[in-house]
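Asks: There's a structure below that I have some questions on.
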């Protein structure tokens with residue numbers, strides 16, 4: 001039986017009295033031996049935390065006492081090891097850095113498409129553009145069949161990527177997706193402001209799709225921002241690793257490349273160039 005519950009959830013909702021909330025959540029997490037990151041901002045909460053079941057449940061109970069967070073419904077997976085190094089609770093301007101003023105997912109959300117509905121659409125061969133809003137190094141590890149990558153190194157580059165999309169897509173159905181859904185919460189309203197008329201967001205992202213639909217219509221694995229590096233469609237940790245030198249994620253196949261030398265270099269940095277990935 002796995003020792004750790006990996007617990008992730010976000011919600012866009014107005015939050016107040018953030019310093020007091022920060023102190024309360026940090027104290028509870030520390031006393032329960034939890035590790036991970038909780039981001040708080042006036043626009044909401046975003047957290048990735050791991051620990052024993054009882055302590056994770058205690059944190060969720062405390063969050064449910066916060067006005068606006070009563071209905072938080074986390075995504076969970078299991079691991080044999082603690083995937084995080086320490087516990088952090090931070091107050092930020094945004095819970096997902098985007099840098100575009102006027103985007104308000106709490107009041108103006110994009111239409112959400114349930115995972116099972118997307119699978120049904122793909123089973124039927126429905127004409128739809130799958131837009132991967134993640135960074136290129138994440139897309140490289142796995143994505144949906146035929147998905148169109150945004151072509152970005154950092155989520156803040158997404159607005160410029162939208163300008164490069166073919167104009168005809170503005171009237172065609174688009175389903176955007178990311179790891180857990182949070183980036184699409186801002187990407188969707190931005191695209192609608194830019195004139196795209198039929199934008200949907202995969203509710204819960206790739207991880208929720210894996211949970212409900214497995215690996216149907218998906219190639220590879222999904223990069224995650226913790227020591228697991230990647231999970232497969234059964235939400236099990238893969239054998240992917242992070243390059244010691246450039247911090248790029250490497251699939252098991254890439255680790256067979258002759259340029260991969262553990263703790264030294266990999267195919268992305270053996271020539272001296274460091275392509276350190278940006279966080280989301």
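The values are calculated or read from the model by the stated rules, or taken from the named source; none is laboratory data. These numbers were taken from a predicted model, which means no experiment stands behind them. Reconstructed Cβ throughout: ideal geometry from the backbone, glycine too, with neighbour counts over all protein chains shown.
Asks: Give the residues of the stretch 24-54 that are in a helix (DSSP H, G or I), over 23 Å from residue 80 (Cβ atoms) and either without any contact (Cβ under 8 Å) to a residue 60 or more places away in the chain or touching a helix residue (DSSP H, G or I) at 6+ places or on another chain (Cβ under 9 Å) (or both), sorted by residue number.
Replies: 24, 25, 27, 28, 31
Asks: Output the residues belonging to the stretch 234-247 that are crowded, with 20+ Cβ neighbours inside 10 Å and either in contact (Cβ under 8 Å) with a residue 40 or more places away in the chain or in contact with a helix residue (DSSP H, G or I) (Cβ under 7 Å, 6 or more places away or on another chain) (or both).
Replies: Answer for the stretch 234-247, where residues must be crowded, with 20+ Cβ neighbours inside 10 Å and either in contact (Cβ under 8 Å) with a residue 40 or more places away in the chain or in contact with a helix residue (DSSP H, G or I) (Cβ under 7 Å, 6 or more places away or on another chain) (or both): 237, 240.
Asks: Right, here's the next one. Check whether at least one residue in the stretch 161-180 is modelled with pLDDT under 95, in contact with a helix residue (DSSP H, G or I) (Cβ under 9 Å, 6 or more places away or on another chain) and either within 24 Å of residue 224 (Cα to Cα) or surrounded by 19 or more Cβ atoms within 10 Å (Cβ to Cβ) (or both), and report yes or no. Before the answer, list the steps.
Replies: Kept after step one, since they are modelled with pLDDT under 95, are these residues of the stretch 161-180: 180.
Checking the rest, the ones that are also in contact with a helix residue (DSSP H, G or I) (Cβ under 9 Å, 6 or more places away or on another chain) come to 180.
Adding the requirement that they be either within 24 Å of residue 224 (Cα to Cα) or surrounded by 19 or more Cβ atoms within 10 Å (Cβ to Cβ) (or both) leaves 180.
Yes, because at least one residue in the stretch 161-180 is modelled with pLDDT under 95, in contact with a helix residue (DSSP H, G or I) (Cβ under 9 Å, 6 or more places away or on another chain) and either within 24 Å of residue 224 (Cα to Cα) or surrounded by 19 or more Cβ atoms within 10 Å (Cβ to Cβ) (or both).
Asks: Among (1) surrounded by 14 or more Cβ atoms within 10 Å (Cβ to Cβ); (2) within 23 Å of residue 223 (Cβ to Cβ); (3) touching a residue at least 24 places away in the same chain (Cβ under 8 Å), which single condition is residue 136 missing?
Replies: (3)
Asks: Of (1) farther than 25 Å from residue 236 by Cβ; (2) in contact with a strand residue (DSSP E or B) (Cβ under 8 Å, 6 or more places away or on another chain); (3) not assigned by TED's automatic domain parsing to the domain that holds residue 211; (4) not in a loop (DSSP other than H, G, I, E, B), residue 121 satisfies all except one. Which?
Replies: (3)
Asks: Tally up the residues in the stretch 142-153 that are out of contact with any strand residue (DSSP E or B) (no Cβ under 9 Å at 6 or more places or on another chain) and modelled with pLDDT of 95 or more, please.
Replies: Residues that pass the stated criteria total 2.
Asks: Let me ask another. Determine whether the stretch 107-118 contains at least one residue that is within 30 Å of residue 22 (Cβ to Cβ) and in contact with a strand residue (DSSP E or B) (Cβ under 7 Å, 6 or more places away or on another chain). Spell out how you get there, then give the answer.
Replies: First pass over the stretch 107-118, keeping only residues within 30 Å of residue 22 (Cβ to Cβ): 107-110, 112.
Now drop any that are not in contact with a strand residue (DSSP E or B) (Cβ under 7 Å, 6 or more places away or on another chain), which leaves 110, 112.
Yes, the stretch 107-118 has at least one match.
To keep it simple, each residue is scored yes or no on (1) over 24 Å from residue 205 (Cα atoms); (2) in a loop (DSSP other than H, G, I, E, B); (3) modelled with pLDDT of 95 or more.
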| position | (1), (2), (3) |
| --- | --- |
| 5 | no, no, no |
| 69 | no, yes, yes |
| 85 | yes, yes, no |
| 97 | no, yes, no |
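Asks: Shifting gears a bit: Can we say residue 153 is in contact with a helix residue (DSSP H, G or I) (Cβ under 7 Å, 6 or more places away or on another chain), farther than 13 Å from residue 217 by Cα and touching a residue at least 60 places away in the same chain (Cβ under 8 Å)? Walk me through it before giving the result.
Replies: Values: in contact with a helix residue (DSSP H, G or I) (Cβ under 7 Å, 6 or more places away or on another chain): yes; farther than 13 Å from residue 217 by Cα: yes; touching a residue at least 60 places away in the same chain (Cβ under 8 Å): yes.
Spelling it out, residue 153 is indeed in contact with a helix residue (DSSP H, G or I) (Cβ under 7 Å, 6 or more places away or on another chain), farther than 13 Å from residue 217 by Cα and touching a residue at least 60 places away in the same chain (Cβ under 8 Å).
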